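Chemist: I'd like to ask you about the structure that follows.
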């Protein structure tokens, strides 16, 4: 007769062997996944390192261009201040006399036109009177 302890031991041994085969399969699949992941990371590193070098070079060039733009902006600001000061100086020195000359010339033209209008008016009246006397 077969001893129950031996049957249970045999069932346990078969179950343990199947479990070990299942774990071996899982570990083999996990090993392949880790190999694929390692390959992907090494390829990513190989392409990323040169790209980071290019980005560093680009940032350096942009910074040097920004320094130039900053210098240009400072020069434009200085020129703008100089033009503003020159305009103020011109307005202070020549603006007032120019306004006075313009006002004087306007007054002269206005007076001349009024005098001319009065002269014309007098002549027209004189001619009308002369015509009325002839009649």
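Conditions (1) within 60 Å of the chain's Cα centre (by Cα); (2) without any contact (Cβ under 8 Å) to a residue 24 or more places away in the chain; (3) surrounded by 10 or more Cβ atoms within 10 Å (Cβ to Cβ), marked per residue:
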site	(1), (2), (3)
4	no, yes, no
8	no, yes, yes
12	no, yes, yes
15	no, yes, yes
19	no, yes, yes
25	yes, yes, yes
30	yes, yes, yes
34	yes, yes, yes
39	yes, yes, yes
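Chemist: Need pairs with beta-carbon distance below 6 Å; first residue modelled with pLDDT under 85 and within the stretch 66-82, second part of a helix (DSSP H, G or I); sequence gap 6+ or separate chains.
Modeler: Listed pairs, sorted by first residue: none to list.
Chemist: Among 51, 44, which is in a helix (DSSP H, G or I) and exposed (fewer than 10 other Cβ atoms within 10 Å of the Cβ)?
Modeler: On inspection, the qualifying residue turns out to be 51.
The values are calculated or read from the model by the stated rules, or taken from the named source; none is laboratory data. These numbers were taken from a predicted model, which means no experiment stands behind them. Positions of Cβ are generated from backbone atoms using ideal geometry, with glycine treated the same way; all protein chains shown enter the neighbour counts.
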